[in-house]
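Q: Supplied in structure tokens, the structure appears directly below.
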Amino acid sequence: MTTYTAINLIARPGTGPIGPELFEVVQVAMPTVGEGQFLVKQNHMSLDPAMFGWMSADTESYIPPVALGDVMRSSGIGEVVESQHADFKVGDRVMGMMGWKEYHLSDGAGLNKVAAPLPDEAILSVFALPGLTATQGLYSIGKPKSGETLVVSGAAGSVGSIVGQLAKADGLRVIGVVGSDEKADWIVNELGFDGAINYKTDNLAEKLAELTPNGVDVYFENTGGPIQHHVFERMNAHGRIVVCGLIADYPKQNPDLAPNWIPIIKKRLTIQGFTMPDHFGEIPALLTKLTPYVMQGKIKHRAHVLEGLESAITGLNLFFTGKNKGKLIVKI
């Protein structure tokens, strides 16, 4: 093999669906592996809502946007196939930011060895960005206590499902917000949530009041949309709101207005946004926190796998339609 396939970002998204006009599929010459370098064959690649921010022109975000003409940014997992690096040998499994491409040349920066004897899909679903994000947001900002009530939006998604399971394992009452009856059934009957709200069909105010009779202590926000106002109104004094994502607002020219700030004062609420790049140095500690839950069988997951590198292009739209079932992954 003399070339491999990569996908470059060549235009910024507008308010419509993500399409092939934003990308260029190219053939790249296979690199020569130099001293201190190694070559990874990427096998599975993660698709994440954060990508919409990475594709935008917003230079004031937490991470610089992908430059036009550069390989689209993403994390993935693969195998070292050639190495001149003392710490990485052929056959090692590695995970980290590699981008939308079949092969990745590295000097080791940003890549970590994968030791857990689990399939690639499980690693990307639990121990990669979703699990790290869930653990950081829930414990560092949400500060859950046994007996409290937690509501998580995007509850059937890769982050939300882990947040809910961690909270249940710690003795909280957990309510999940989802977009279909199938997802509601999954989080309640498979993951053990105490209740589910279908934001597309339920009366949000009535259903939320029914499922949170003692109010809400922790809200883990993944989506935005109308549900955020209803949960905000039911927050208890000294409640914590963890703002992780707002996928419902990303494609809008004018995002929805946020809730009134007066209750923040009255109820002494803590509201904090966060992104994982601020906490990459804490990954070992986060894995130490998360791993026991996984090894004890307290964290289940499911993956929605797309076939082929180019499936990533339109696959991103599944985040807007909510038709993905579990962690969205591309098998290369």
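Q: Since residue 153 meets every condition but one in (1) surrounded by fewer than 17 Cβ atoms within 10 Å (Cβ to Cβ); (2) touching a residue at least 12 places away in the same chain (Cβ under 8 Å); (3) farther than 22 Å from residue 285 by Cβ, which condition does it not meet?
A: (1)
Q: Restricting the search to the range 5-27, which residues are surrounded by fewer than 19 Cβ atoms within 10 Å (Cβ to Cβ) and touching an Asp or Glu at 6+ places or on another chain (Cβ under 9 Å)? Please lay out each step first, then the result.
A: Taking the range 5-27 first, the residues surrounded by fewer than 19 Cβ atoms within 10 Å (Cβ to Cβ) are 5, 10-12, 14-17, 19-21, 24-27.
Result: 5, 10, 11, 20, 25.
Each row is one residue, and each column tells you yes or no for (1) of a type in the set (S, T, N, Q); (2) at pLDDT below 90; (3) out of contact with any His (no Cβ under 7 Å at 6 or more places or on another chain).
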| residue | (1), (2), (3) |
| --- | --- |
| 55 | no, no, yes |
| 69 | no, no, yes |
| 74 | yes, no, yes |
| 77 | no, no, no |
| 81 | no, no, yes |
| 89 | no, no, yes |
| 97 | no, no, yes |
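Q: Of everything in the range 77-121 that's of a type in the set (Asp, Glu) and in a loop (DSSP other than H, G, I, E, B), which residue is nearest to residue 39 (Cα to Cα)?
A: The qualifying residue nearest to residue 39 (Cα to Cα) is 107.
Q: What single numbered condition from (1) open to solvent by 10 Å² or more (accessible area, probe 1.4 Å); (2) touching a strand residue (DSSP E or B) at 6+ places or on another chain (Cβ under 9 Å); (3) in contact (Cβ under 8 Å) with a residue 40 or more places away in the chain; (4) assigned to a helix (DSSP H, G or I) fails to hold for residue 144?
A: (4)
Q: Given the residues 242, 231, 218, which is the only one that is assigned to a helix (DSSP H, G or I), in contact (Cβ under 8 Å) with a residue 24 or more places away in the chain and either under 22 Å from residue 15 (Cβ atoms) or hydrophobic (A, V, I, L, M, F, W, C) (or both)? Quick ask: steps written out before the conclusion?
A: Working: 242 fails: assigned to a helix (DSSP H, G or I); 218 fails: assigned to a helix (DSSP H, G or I).
Just one listed residue meets the conditions, 231.
Q: Another question, if that's okay. Restricting attention to the range 212-227, which residues are touching a strand residue (DSSP E or B) at 6+ places or on another chain (Cβ under 9 Å) and either open to solvent by 40 Å² or more (accessible area, probe 1.4 Å) or over 20 Å from residue 162 (Cβ atoms) (or both)?
A: Hits for the range 212-227 are 212, 213, 214, 215, 225.
Q: Being more than 17 Å from residue 263 (Cα to Cα) and among the hydroxyl-bearing types (Ser, Thr, Tyr) is the filter here, so list the residues in the range 186-243 that pass it.
A: 199, 201, 212, 223
The values are calculated or read from the model by the stated rules, or taken from the named source; none is laboratory data. For clarity, every value in this text was computed on a predicted model and none was experimentally measured. Counting neighbours? That spans all protein chains shown, and the Cβs are built from the backbone with ideal geometry, glycine included. Areas reflect the complete protein model, heavy atoms only, side chains present, ligands, DNA and RNA absent. Shrake-Rupley method; radii C 1.70, N 1.55, O 1.52, S 1.80 Å.
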